[in-house]
Amino acid sequence: MTYTQLLALVQSNGLGVCADSRQVRQGDVFVAVCGTQVDGHDYIDTALSQGAAYVVTQRPVDGINSVIVEDSAKALGQLAQASCGNPSSKLTNLAVTGTNGKTTVTYLVRSVIEHIGAKCGLIGTIEYNTGTSSVPAPLTTPDAVTIARAASEMVLNGADYMVVEASSHALSQKRLAGVSFTAAVFTNLTGDHLDYHHNEDDYLDAKTLLFTGLPPHGLAILNYESDEAHTIAEIIEPATRILWYGIGCDVDISAKVHRMDAAGSEFSIIFNNYSEKVNTRLPGRHNIQNCLAAAGLCLSTGIGLLEVAKGLSELECVPGRLQPIRSENTARAGLQVFVDYAHTDDALKNVLNTLKPLCKGRLIVLFGCGGDRDKTKRPRMARVAEELADVVVVTSDNPRTEDANAIIADILAGFGKIKRGQTLFIEPDRAAAIQLAIEKAESGDIVLLTGKGHEDYQIVGTEKRHFSDFEQAQKALQM
């Protein structure tokens, strides 16, 4: 059997498709994918014993009559879509990639689409939302089978659009294969995930795959203020159309800023010589950039500029992204506490630069770094915190299988003249660290708790424990 024949068979009969031998059911197609940690070819016998009727491989396997393909990861995506009736072909698909801003851009896009009365499914860091159900996201971009099933549920729920956060891991592993995107955004690229990618060039190469994979009618929406965006443009031009966005730039989509403060920003969005006012409750210059990126995606689908501006203005907040924590404790009046997901040096710089001019007193920042992840950003985050914050509390994030104190030692190597015990505090216990940061704060100060944002867990070793920065901060504010 050829791959084309198998693809047609899967679609016509709705055969199940699986890449996990443990989940194979009778009559399924098992796709042996060469993963980063395990090779699916080693589990073919298990899949057959579970009842797999067809096996797709990337190389010949002794004693197995398989359908051989050049890239089994890509085949998995195509077969998964076919198994579900090609649901993504019934949706307008939009994607966002970049180190920072992906989640905010997807929420802004959904806000615009819902404003015009349409339905939008969302797959990203916080949730997989199909319109009627939402589940917490274990991965920013899930596997191809999960994406196909989610898209199918979106279609059944009457969705018209699907917006997806495309992580570099997912792009390099071809988890989005089988999905054709109308438009895709690149936000920025800063140091992250170098535990997975060999270097920053490989990291950018992974992001670029989203744009080289766009269909002939696809549109690339690129951040004019990012050097890496210009590198992507050199690769995809002239085959792919490009829409540039930037603040105060002579580009396709630009913004003229009228106001920026803790309550958000007011700016004019300019496109095709037309201008509309946006009042966003998302504070900071980086969020104006996110609004422009989202506008580009929405404009690419034919939504008018006025409706885009209104939809952007309607989004109240994004969970765990510069999200304020309220307190009823009158003794804490005048103190502001924010939770933000910032877990790279660039993201930390953005949020600190946003809050610093709004702070009447001291700017206190708490951060840590995840274990088993890119170690190179640890001292860089320290340098940013030392430069922009008045008081720094270093703690643990998700230490995973690394020693929390060893991670903190890597962070401390990045500090220069900051004085320990006066403006620098180290507390490995995150709950105690949050309490310490808030205890040190006075009226007029701003406390920024970063790194975990929306997460309601902490990973210690291989155990996932309940932990919420929101909950811990609320407790501390009542003391």
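Pull up segment 318-377, narrow it to residues that are modelled with pLDDT under 95 and acidic (Asp, Glu), then point me to the one that is nearest to Asn287 (Cα to Cα).
Asp346
Quick one: would you say Ala409 is touching a residue at least 12 places away in the same chain (Cβ under 8 Å), assigned by TED's automatic domain parsing to the domain that holds Arg373 and either on the phi < 0 side of the Ramachandran plot or basic (Lys, Arg) (or both)?
Numbers: touching a residue at least 12 places away in the same chain (Cβ under 8 Å): no; assigned by TED's automatic domain parsing to the domain that holds Arg373: yes; either on the phi < 0 side of the Ramachandran plot or basic (Lys, Arg) (or both): yes.
It is false that Ala409 is touching a residue at least 12 places away in the same chain (Cβ under 8 Å), assigned by TED's automatic domain parsing to the domain that holds Arg373 and either on the phi < 0 side of the Ramachandran plot or basic (Lys, Arg) (or both).
Being in contact with a helix residue (DSSP H, G or I) (Cβ under 8 Å, 6 or more places away or on another chain) and either touching a residue at least 60 places away in the same chain (Cβ under 8 Å) or not assigned by TED's automatic domain parsing to the domain that holds Glu276 (or both) is the filter here; which residues of segment 296-319 pass it?
Leu297, Cys298, Ile303, Glu307, Val308, Lys310, Gly311, Leu312, Glu314, Leu315, Val318
Name the helices (runs of 4 or more DSSP H) wholly inside segment 1-119 in which the number of residues that are closer than 30 Å to Leu297 by Cβ, touching a residue at least 24 places away in the same chain (Cβ under 8 Å) and touching a strand residue (DSSP E or B) at 6+ places or on another chain (Cβ under 9 Å) is 1 or more.
Numbers: elements: 3-13, 44-49, 72-83, 102-115.
Where helices (runs of 4 or more DSSP H) fall fully within segment 1-119 and carry at least 1 residues being closer than 30 Å to Leu297 by Cβ, touching a residue at least 24 places away in the same chain (Cβ under 8 Å) and touching a strand residue (DSSP E or B) at 6+ places or on another chain (Cβ under 9 Å), they are 72-83, 102-115.
Among all residue pairs at least 6 apart or on different chains, which show Cβ distances below 8 Å where the first residue, located in segment 456-479, is outside the structural domain of Val135 (by TED's automatic domain parsing) and the second is assigned to a loop (DSSP other than H, G, I, E, B) and β-branched (Val, Ile, Thr)?
Gly461/Thr401; Thr462/Thr401
For Ala137, state whether it is crowded, with 23+ Cβ neighbours inside 10 Å, among the aliphatic types (A, V, I, L, M) and not assigned by TED's automatic domain parsing to the domain that holds His454.
Against the criterion (crowded, with 23+ Cβ neighbours inside 10 Å, among the aliphatic types (A, V, I, L, M) and not assigned by TED's automatic domain parsing to the domain that holds His454), Ala137 does not qualify.
Kindly check whether there is at least one residue in segment 142-158 that is in contact with a Phe, Trp or Tyr (Cβ under 7 Å, 6 or more places away or on another chain), assigned by TED's automatic domain parsing to the domain that holds Lys207, part of a strand (DSSP E or B) and among the small types (Gly, Ala, Ser).
no
Can you tell which of Gly35, Gly27, Gly63 is modelled with pLDDT under 95 and at positive phi?
Gly63
Quick one: in segment 286-316, of everything that is touching a Phe, Trp or Tyr at 6+ places or on another chain (Cβ under 7 Å) and farther than 23 Å from Ser180 by Cα, which residue is surrounded by the most Cβ atoms within 10 Å (Cβ to Cβ)? Write out each step before concluding.
Taking segment 286-316 as the starting set, the residues that turn out to be touching a Phe, Trp or Tyr at 6+ places or on another chain (Cβ under 7 Å) are 288, 292-293, 296, 299, 305, 315.
Right, trim to farther than 23 Å from Ser180 by Cα and you get 288, 305, 315.
Values: Ile288: 24, Leu305: 18, Leu315: 22.
This residue is Ile288.
The values are calculated or read from the model by the stated rules, or taken from the named source; none is laboratory data. Keep in mind it's a predicted model, so treat the numbers as computed, not measured. Neighbour counts run over all protein chains shown; Cβ positions are idealised from the backbone, glycine included.
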